[in-house]
Amino acid sequence: MASDDKPKDAAGAGNAAKARKSARKPAAALPIKPKTSRPKPSRPKTSRAEIGKPRERQMVEANLQATARVVAVQDDLVEIEALDDLEGKPADLVKNEVVFICPRKVNELGEQEKLKAEVLRVRGRTADAQVYEDTAGVAIGDAVEQSGEMLAVELGPGLLGQVYDGLQSPLHDLATRYGIFLPRGVATAPLDPKAKWSFVPKVKVGATVAAGDTIGTVQEGRYTHKIMVPFGWPGEYKVSWIQEGNFTVSDTVAQVEDKAGRAQDIRLAQKWPVRRAVDSNLTQSRRSERLYPDEPLVTTQRIIDTFFPVARGGTACIPGPFGAGKTVLQNMISRYSAVDVVIVVACGERAGEVVETINEFPQMKDPRTGGSLMDRTIIVCNTSSMPVAAREASIYTGLTLGEYYRQMGFDVLMIADSTSRWAQAMRETSGRLEEIPGEEGFPAYLESSIKSVYERAGVIRTNDASVGSLTMIGTVSPAGGNFDEPVTQATLSTVKDFLGLSYDRAYKRFYPAVDPLISWSRYSAQLESWFDKNIEAGWTKRVSEMQDLLHKGEGVSQMMQVTGEEGITTEDFVVQQKALFLDMVYLQQDAFDSVDASASLERQKLTFNKVYDLVTRSYGFADKEAVRDYFTKLTGLFKNFNYAAEDSPDYDGLLKQIDDLAATAPH
């Protein structure tokens, strides 16, 4: 929501800041020097600070509207002090307000650098602000401009297919303008200011509307993008005029009046602060409503959909050590999940993995539409080599973009990779603020911060009664695979689905390396009625039986490691082989096979029921060698069946071979 789009009482409104700036002392004498007791020399033409400066620099400084100055610098944390206005009153410093640090030195393009920062803590007339850029060259006395707004993103048509950094700067546009090595302090519009969109009104003149109501639509690719009344506007408004046609995101498409007769313009794009949920005002006013998640998110990954289902609009985490396959698994989920929009947030991952994702997604085919996977994807990337502060902000940027599309009635999936490095960014900032540390140096508010992020997921019934969802899956990278470290434990106490990756399974090439013995889903019981109705009655109970079989098989395997095969009975060996068979043919899935990479619910039902029938039979094998020979052949046939397309001649043939082999087993 642009600042000129907001009513006077909207959060972060800039009216007071604008009035404050107009009353400031002119900034022509910048940079500001500390006050001294010596009498100020009379220099009517040029101040001491301007002697020897090129005229271009004086002209740049004359355009600054300084309301504060830098008094201390520590890495990306700066301390600023408010300046007095002409009436001797200091500027108001507000927590979470965006300010701009203006170093003395211009960049190589001859432009004034304005480094974006966010106020973290206010102490009287001083405040601590985290800078989202490298602070090299920032010095005491440098000018600071206040924006009067919170850290916000621009919401409107044109978001899909974009690659942003954590502050919603389009990286492709920046690279085109400035080259691969981006200079600091530069900015470009998040949405293409020249692109025109065909706007079709959905309300008439005289209609009464409120925040979040749809006034019209534009077509964004294959999606109908709803243009809504800015989410922060209070009360109701009457449409005074609305027009149809082709417009840019900054063009006014409608005008409304409040009860006092004040006119407000509505554009195709609006701004919203990232640290506030998009639906916060709408649910409080009961124009929108949060719903209970009551159906699963179909990922087409057998071990997830069958054993550890994730609810649509739910939360899940994927912790695992380095090399356990987190990146491949999250790519499979983002590629094949039954959602409309995917938000991929790379908050602190290695640059190589991020580049791989950026390069691969445009080349991948969307299995639902046949188009490019990037057509429904937004990537927000802040790698581990980027500033810490921007890494911390990136996850909020991704959440806000996801909430925006959810408010249109779309199903959105957000994958955050990795929340561990996001938490590490908080730890670094907390340390520089000299806050009291918690366990392993993380801030004491780590758990509440993690909860505040995941709780923004959910299902929403919007103003027009359409239903949208935001499902959040966060990957966690605990050092050494230690799941007892603070970030993993705080995440496990928050989410309702835990997909724990095991290094041992990855080492044995059991992919996806989700360990069925430690993973869990609290959605299994919650979604039981949905599975009974849409899959078949008793589905959840049979899955629970298979989980028990896996645990029994593991117990036998542990015993065999001590006593060998000779130390267990044939019956126990059959249990171990049944569990291994279930693991090999159902829990494992080949991400690089065009058929096995994605299994529909119908195929999962057929395969699971066939496996269930085979492992619940009573067998009468004479010795362990016969047991091993039977299940080895059965495993081979089933693996080939998993690779067979449903319309191929091998599909029915392999099913028949499986039935024939099962018929030969002694009972």
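Here are some notes:
- Cα Rg, Dmax (largest Cα-Cα span) when computed across segment 351-435, Å: 15.4, 52
- Compared with the alpha-carbon gap, the fully stretched path from Asp294 to Asp173 is longer by 39.5 nm at 0.36 nm per residue.
- Charged neighbours of Met559, selected by a Cβ distance under 12 Å, balance to -3 (K, R count +1; D, E count -1).
- A simple spin-label model places the labels of Lys633 and Thr369 4.9 nm from each other, with each point 7 Å out along Cα-to-Cβ.
- Fraction of accessible area attributable to carbon and sulfur, the chain (%, probe 1.4 Å): 51
- Total formal charge among the other residues, if their Cβ is under 14 angstrom from that of Ser372, Lys/Arg +1 and Asp/Glu -1: +2
- Across all C-alpha atoms in the chain, the radius of gyration and Dmax reach 29.5, 109 Å.
- FRET E, pair Met559, Asn482, Förster distance 25 Å, beta-carbon r, rounded to 0.05: 0.40
- The GluC sites (Glu not before Pro) of segment 578-662 meeting both criteria, a DSSP state outside H, G, I, E and B (loop) and at most 11 other C-beta atoms within 10 angstrom of the site's C-beta, are Glu646.
- FRET efficiency, Arg286 to Thr224 (Cβ-Cβ, R0 30 Å, nearest 0.05): 0.75
- The orientation-averaged projection of the convex hull spanning the C-alpha atoms of segment 592-631 amounts to 4.0 square nanometres.
- Treating r as the C-beta distance of Val467 and Arg275 and R0 as 25 Å, the FRET efficiency rounds to 0.45.
- Ordering of 533-540, 208-215 by packing [mean C-beta count within 10 Å, highest first]: 208-215, 533-540
- Mean shadow area of segment 170-276, taken as a quarter of the surface of its Cα convex hull (nm²): 8.5
- Put simply, the amide H of Ala207, placed in the peptide plane, has neighbours under 5 Å in Val239, leaving out anything fewer than 5 places away on its chain.
- Put the Cα centre of segment 632-651 next to the Cα centre of segment 177-217 and the gap is 50 Å.
- Å² per residue, accessible surface of the chain at 1.4 Å: 43
- Among beta bridges identified by DSSP and lying wholly in the chain, the antiparallel ones come to about 70 percent.
The values are calculated or read from the model by the stated rules, or taken from the named source; none is laboratory data. Everything quoted here is computed from the prediction, not taken from an experiment. Note: ideal-geometry Cβ built from the backbone for every residue, glycine included; neighbour counts use all protein chains shown. Just so you know, the surface numbers come from the protein's heavy atoms only, side chains and all, with ligands and any DNA or RNA stripped out. Shrake-Rupley method; radii C 1.70, N 1.55, O 1.52, S 1.80 Å.
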